[in-house]
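The values are calculated or read from the model by the stated rules, or taken from the named source; none is laboratory data. Computed from a predicted model, the values in this text were never measured in an experiment. Here the Cβ positions follow ideal geometry from the backbone for every residue, glycine too, while neighbour counts run over all protein chains shown. Side chains included, ligands, DNA and RNA excluded: accessible areas come from the protein's heavy atoms. Shrake-Rupley method; radii C 1.70, N 1.55, O 1.52, S 1.80 Å.
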Amino acid sequence: MPKRIIPVASGKGGVGKTTFAINFALALSRRAPTVLVDLDTGTSSVRTTVSAPVEKDLYHVYRKGARLSECITPLGADLDPIGEFRQFGFVAGPRHFLAELAQPSAAFRRRLAEEINQLPADYVVLDLRAGLDDNVLDFLPYTNSGVLVFTPHHPTATLAASDIVKAILFRTLRQLFGPGSPVYSLPGMADGQDLVRELLDVAEDVYDDSIPNLDALLKDLADVFGDQPLLAMIAEVLDDFRVHYVLNMFNGVEESYERALRPFVENLSRNVSARPTVTQLGWVVRDDRIHQSNCSGRPVLLDRRQPVRARVSEEDAVMAELDSLASAMLGIQRRPRRTATAAAKAPEAENLLDAQLSSLKAMYTDRARDSVRENFSYLVYRALNLIAPPRAPGEFGQTALLQPEQVSRWFVRRSQAGQPG
Ligand SMILES: Nc1ncnc2c1ncn2[C@@H]1O[C@H](COP(=O)(O)OP(=O)(O)OP(=O)(O)O)[C@@H](O)[C@H]1O
Ligand SMILES: [Mg+2]
């Protein structure tokens, strides 16, 4: 199976990206070789949370010409005495603040992306910084959101998370319909490029209500052009887009629904589109021990002071139980593909919300009393389910980071092949 690059993002800071990224990567590494890369190069918090001695870090990649793969730090016997996580490694950010690394140039980001593609691992987890600049967007997939972390405790962060989805989608569409894009060589695509670009500008501008979102943009285009391949391509980008999120500091269904899910889905459908498939991957409970473990340099999955109930078999029990659950129950069923004729008709936001609520309730019924460890086993189970064939490779994470100019070529190839992924 090709490697999966799984970026972890959140619109706002302090919601638990780093905590999630580290423990998720640790949990994944029990299945296959996994590398966590600290791309929050301004604060470098992974190396303070994982107290393994670092020999080489991103400084060496940046200044000393080292390869990224030479800068992977293993846990070592102190943190991992029985070798449970021997397939885990991380690339640390610089030890001290370095302005050039905190604001890396486009050329260095390009090099990093290329080197990430070559890392010797099945899973590569990227801990991204907060915010929405190119340091984040350059490392996000164009077909899905990566993992968005948000929490009911920071409602504004959920709004920022939907802005990430917006930024990815607009960036993709601008690539696809930019001047000279290879998309225009596809049959029936030659007309309407200027109009699409103009409408994208209006739709992106939240202060201009005339086209509030991408669903309205599609409708406007349909009024002008009727049923046309260009429209179908935009609809396809939206319909195939997958949003995956994790609720951190989970505190029960109702609070999560009211303070995280509802604002997220409403903002997404109002300002972006109601077409993407939104999937909750699971949650991480709020627990002081998580914070204490972070502070002690031993992330919670490595922390042996935690009450550990028959550690190894516990994992198996969770997995066995999960394996027997139907995937519909897990809320990760695929939506049927829609035809070009249905392109201009947007789904209702309420349906999206209902689906989120029922999947949350279904999970909660079974997993309400799970420990932190079980939270991560469950998250890994769901993530691997999204990666397993016959699902399309673009559905969760990505198999390689693409440079902007490769994005339209990828979509053209996909369109010529006539199927997603
Ligand atoms: N589930 C949790 N329970 C208790 N404390 C948590 C939990 N998740 C994170 N924390 C604590 O919340 C704080 C923020 O977490 P973290 O650093 O992982 O967030 P972040 O999104 O990476 O922040 P930044 O944007 O600064 O990189 C930390 O002090 C962490 O220990
Ligand atoms: Mg962080």
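Inside region 29-59, can you point out the residues that are crowded, with 23+ Cβ neighbours inside 10 Å and of a type in the set (A, V, I, L, M)?
Matches in region 29-59: 35, 36, 37, 39, 46, 50, 58.
Within region 393-420, work out how many residues are in contact with a helix residue (DSSP H, G or I) (Cβ under 8 Å, 6 or more places away or on another chain), surrounded by 14 or more Cβ atoms within 10 Å (Cβ to Cβ) and outside any helix (DSSP H, G or I).
Residues in region 393-420 being in contact with a helix residue (DSSP H, G or I) (Cβ under 8 Å, 6 or more places away or on another chain), surrounded by 14 or more Cβ atoms within 10 Å (Cβ to Cβ) and outside any helix (DSSP H, G or I): 8 in total.
Suppose we filter region 227-257 for residues that are in a strand (DSSP E or B) and open to solvent by less than 10 Å² (accessible area, probe 1.4 Å); how many remain?
5
Kindly indicate the residue of region 258-295 that is without any contact (Cβ under 8 Å) to a residue 24 or more places away in the chain and polar (S, T, N, Q) and also least open to solvent (accessible area, probe 1.4 Å) among those meeting that condition.
Result: 293.
Output the number of the condition that residue 2 fails; it satisfies all remaining conditions of (1) closer than 21 Å to residue 296 by Cα; (2) away from ligand 2 (no atom under 16 Å from the Cβ).
(1)
Counting residues that are under 22 Å from residue 246 (Cα atoms), which helices (runs of 4 or more DSSP H) fully inside region 58-173 reach at least 3?
134-137
Mind checking whether some residue in region 23-44 is of a type in the set (A, V, I, L, M, F, W, C) and near ligand 1 (Cβ under 9 Å from one of its atoms)?
Looking through region 23-44, none of the residues is of a type in the set (A, V, I, L, M, F, W, C) and near ligand 1 (Cβ under 9 Å from one of its atoms).
For the structure I just gave you, tell me whether residue 48 is within 24 Å of residue 373 (Cα to Cα) and either within 9 Å of ligand 1 (Cβ to nearest atom) or outside any helix (DSSP H, G or I) (or both).
No.
Of everything in region 179-188, what is buried (at least 17 other Cβ atoms within 10 Å of the Cβ) and assigned to a loop (DSSP other than H, G, I, E, B)? Give them in sequence order.
Hit for region 179-188 is 181, nothing else.
Tally the residues that are within 17 Å of residue 177 (Cα to Cα), open to solvent by 30 Å² or more (accessible area, probe 1.4 Å) and part of a loop (DSSP other than H, G, I, E, B), restricting the search to region 189-226.
Number satisfying all stated conditions: 2.
Conditions tested, residue by residue: (1) within 20 Å of residue 12 (Cβ to Cβ); (2) modelled with pLDDT under 90.
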| residue | (1), (2) |
| --- | --- |
| 99 | no, yes |
| 116 | no, no |
| 120 | no, no |
| 141 | no, no |
| 163 | yes, no |
| 191 | no, yes |
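Does residue 26 count as farther than 19 Å from residue 295 by Cα, part of a helix (DSSP H, G or I) and either open to solvent by 10 Å² or more (accessible area, probe 1.4 Å) or within 16 Å of ligand 2 (Cβ to nearest atom) (or both)?
No, not satisfied.
Residues checked against (1) within 15 Å of ligand 2 (Cβ to nearest atom); (2) in contact (Cβ under 8 Å) with a residue 12 or more places away in the chain; (3) closer than 28 Å to residue 388 by Cβ:
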| site | (1), (2), (3) |
| --- | --- |
| 33 | no, yes, yes |
| 43 | yes, yes, no |
| 48 | yes, yes, no |
| 56 | no, yes, no |
| 78 | no, yes, no |
| 100 | no, yes, no |
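Quick grid of which residues meet (1) buried (at least 18 other Cβ atoms within 10 Å of the Cβ); (2) under 19 Å from the mean Cα position of the chain (by Cα):
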residue: 96; (1), (2): no, no
residue: 101; (1), (2): yes, no
residue: 105; (1), (2): no, no
residue: 112; (1), (2): yes, yes
residue: 124; (1), (2): yes, yes
residue: 134; (1), (2): no, yes
